[in-house]
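Let me begin by presenting the structure, written as structure tokens, before commenting on it.
The values are calculated or read from the model by the stated rules, or taken from the named source; none is laboratory data. Not measured: the values here are computed from a predicted model. Using ideal geometry, Cβ is built from the backbone for each residue, glycine included, and neighbour counts are taken over all protein chains shown.
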Amino acid sequence: MNVADSRRLASALEQMGCEPTRKPEEADIIVLNTCVVRQSAEDKAIGRLSSLRPLKDKNPDLVINVMGCLIGVRGNQKILEKFPWVDVVSPPSDPRPLLHYLVERSAEEALKAKQTQLNAILDGDVILPKEDQGRLVSAFIPIVYGCSHACTYCVIPSRRGIEHSRPYAEILREARNLVGQGVSEITLLGQIVDRYGLDLPDKPSLATLLRDLHQIEGLKRIRFLTSHPNWMTDDLVDAVAELPKVCPHIEVPIQAGDDDILKAMRRGYTADAYRRLIGDIRERIPGVSIATDIIVGFPGETESQFQKTFDLLEKLKMDVAHLARYSSRPGTYAARKLEDDVPEEEKMHRFRLLEDLQEKISAEINAKLMGETVNVLFEEKSKGRWRGRTPTNKLVFVESVEDLRGQEKDIRITWTGPWSMIGTLAD
Ligand code: SAM
């Protein structure tokens, strides 16, 4: 979500006459787009923010903008007091505070022209920053902003605001626009992406949106994330199974394998319901890959409750598991009402057990592809190798002098590991 927001802001800044630089010490404007989903992310954001102070001391004209979840939808003005070298703060997904600030700083005679230019930028279609035009292969499109589910551990609803879906036509227009600028793959984003449209007047569904996006000429692949188990409708699963451009890859977090913990997290399903959903998805989408998220060390999680998560993961054999140690977040129900009582070493111990288990599972799943031919869409070359992904979202590296950017190729797999594979061009 932040990558999509940053790209949009970068494009708007370029349209106002700015140019990008990779060196912070050369910049006239620095935007720090922040995530605070876990304490470690917030610490990182604060660390980066503190490291910008010497740049401001050296160049008082430097504009520093902090954006994203550290600011939140209510626009945390305290950041300006606490870090006086910050000039302007912006809520998540909102480029306007910085753009207005820049316009207001303009000389009086230029002010009106700049304001007109800014209005045109904000009303216009999203375009990519110049360095991405004709080069970016895979782009994100946020389709649901905010979240209203209120899992007891999660700070996102209070920082990104209530759930609201973007208008249907706007999404289609943005997708066409991105394809027109060279993009081959789009990933639709939402905290609960499968709730898309439920808050819109005519309640369009994600499945319908996938069917319409599928018709865009030149678009090769469509993905979506993250799904919540309770909103994965039959219609959505059918759409993934039927539409060739929609990748057979589902990101659907379980978070815990014990029903009491799931209840305390306020997830709204049982471990058994999740297990049945995974069985159903696998039956109806042949060759599907499935990723999950798990939090270990939620308040009160006993060893035997953790063991249930371990056993379920062992049984379900997911392609990917994004693991996290519970981190108490201010303002959440869990932070207010539940004691963060699983010691850090124990959280780490549980995390490592799941990490080792998942490494084994992912290695076994990928090993089955050894010698097989898979289709890969290549995104970029790094350290002499082309990097791309299969429709099932598996990372593949290939050495080739040919320019593979944006191309879908059949690749014969010659090496597999848990997190990536290596192959050669099949023809
Ligand atoms: N909205 C999605 C969902 O259904 O949960 C995922 C979005 S969230 C940004 C990504 C992941 O961060 C979550 O799935 C969860 O595993 C993890 N997460 C969220 N809050 C957390 C917390 N307080 N401590 C540890 N991990 C957390």
> Of these, 10, 45, which one is within 25 Å of the chain's Cα centre (by Cα), under 30 Å from residue 295 (Cα atoms) and assigned to a helix (DSSP H, G or I)?
Replying inline: 45
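Has segment 357-377 got any residue that is under 29 Å from residue 69 (Cα atoms), more than 13 Å from the ligand (Cβ to nearest atom), out of contact with any Asp or Glu (no Cβ under 9 Å at 6 or more places or on another chain) and of a type in the set (Asp, Glu)?
no
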> Does residue 278 count as away from the ligand (no atom under 13 Å from the Cβ) and either more than 20 Å from the chain's Cα centre (by Cα) or more than 22 Å from residue 163 (Cβ to Cβ) (or both)?
Replying inline: yes
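Look through segment 126-144, keep the residues that are without any contact (Cβ under 8 Å) to a residue 60 or more places away in the chain and surrounded by fewer than 20 Cβ atoms within 10 Å (Cβ to Cβ), and return whichever of them is farthest from the ligand (Cβ to nearest atom).
134
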>> Return the residues of segment 317-329 that are more than 10 Å from the ligand (Cβ to nearest atom) and touching a residue at least 60 places away in the same chain (Cβ under 8 Å); say none if nothing qualifies.
In response: 319, 320
> Only one of (1) under 30 Å from residue 405 (Cα atoms); (2) within 11 Å of the ligand (Cβ to nearest atom); (3) not in a loop (DSSP other than H, G, I, E, B) is not met by residue 227, so which one is it?
Replying inline: (3)
> Within segment 82-92, can one find any residue that is within 16 Å of the ligand (Cβ to nearest atom) and modelled with pLDDT of 95 or more?
Replying inline: yes
> When residue 153 is evaluated against the numbered criteria (1) farther than 19 Å from residue 67 by Cα; (2) within 16 Å of the ligand (Cβ to nearest atom); (3) in contact with a Phe, Trp or Tyr (Cβ under 6 Å, 6 or more places away or on another chain), which criterion, by number, is the only one it fails?
Replying inline: (3)
> Restricting attention to segment 401-410, does a residue exist that is surrounded by fewer than 14 Cβ atoms within 10 Å (Cβ to Cβ), in contact (Cβ under 8 Å) with a residue 12 or more places away in the chain and part of a strand (DSSP E or B)?
Replying inline: yes
> From the list 339, 359, 345, which residue is surrounded by fewer than 17 Cβ atoms within 10 Å (Cβ to Cβ) and part of a loop (DSSP other than H, G, I, E, B)?
Replying inline: 339
> Of the residues in segment 298-312, how many are buried (at least 19 other Cβ atoms within 10 Å of the Cβ), aromatic (Phe, Trp, Tyr) and assigned to a helix (DSSP H, G or I)?
Replying inline: 1
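Residue-wise test of (1) within 19 Å of residue 39 (Cβ to Cβ); (2) within 24 Å of the chain's Cα centre (by Cα).
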residue	(1), (2)
339	yes, no
345	yes, no
351	yes, yes
370	no, no
> So, of the residues in segment 179-211 that are exposed (fewer than 15 other Cβ atoms within 10 Å of the Cβ) and not basic (Lys, Arg), which turns out to be nearest to residue 160 (Cα to Cα)?
Replying inline: 199
> Do the conditions hold for residue 233, that is, is it out of contact with any Asp or Glu (no Cβ under 6 Å at 6 or more places or on another chain), under 22 Å from residue 167 (Cα atoms), surrounded by fewer than 16 Cβ atoms within 10 Å (Cβ to Cβ) and at pLDDT 95 or above?
Replying inline: yes
>> If I ask for residues that are in contact (Cβ under 8 Å) with a residue 40 or more places away in the chain, in contact with a Ser or Thr (Cβ under 9 Å, 6 or more places away or on another chain) and within 27 Å of residue 230 (Cα to Cα), which ones from segment 173-202 would you list?
In response: 185, 186, 187, 189, 190, 191, 192, 193, 194, 195, 196
> Quick one: which of 205, 148 is touching a helix residue (DSSP H, G or I) at 6+ places or on another chain (Cβ under 8 Å), within 14 Å of the ligand (Cβ to nearest atom) and free of Cβ contacts under 8 Å to residues at least 40 places away in the same chain?
Replying inline: 148
> Tally time: how many residues in segment 34-71 are touching a helix residue (DSSP H, G or I) at 6+ places or on another chain (Cβ under 9 Å) and either more than 23 Å from residue 105 (Cα to Cα) or within 16 Å of the ligand (Cβ to nearest atom) (or both)?
Replying inline: 8
>> With the requirement that a residue be of a type outside the set (A, V, I, L, M) and either assigned to a helix (DSSP H, G or I) or more than 16 Å from the ligand (Cβ to nearest atom) (or both), what does segment 183-198 give you?
In response: 184, 185, 194, 195, 197
>> Suppose we filter segment 286-316 for residues that are over 30 Å from residue 389 (Cα atoms) and more than 9 Å from the ligand (Cβ to nearest atom); how many remain?
In response: 10
> Taking segment 385-400, which residues are in a loop (DSSP other than H, G, I, E, B) and either more than 26 Å from residue 246 (Cβ to Cβ) or in contact (Cβ under 8 Å) with a residue 24 or more places away in the chain (or both)?
Replying inline: 391, 392, 393, 394, 399, 400
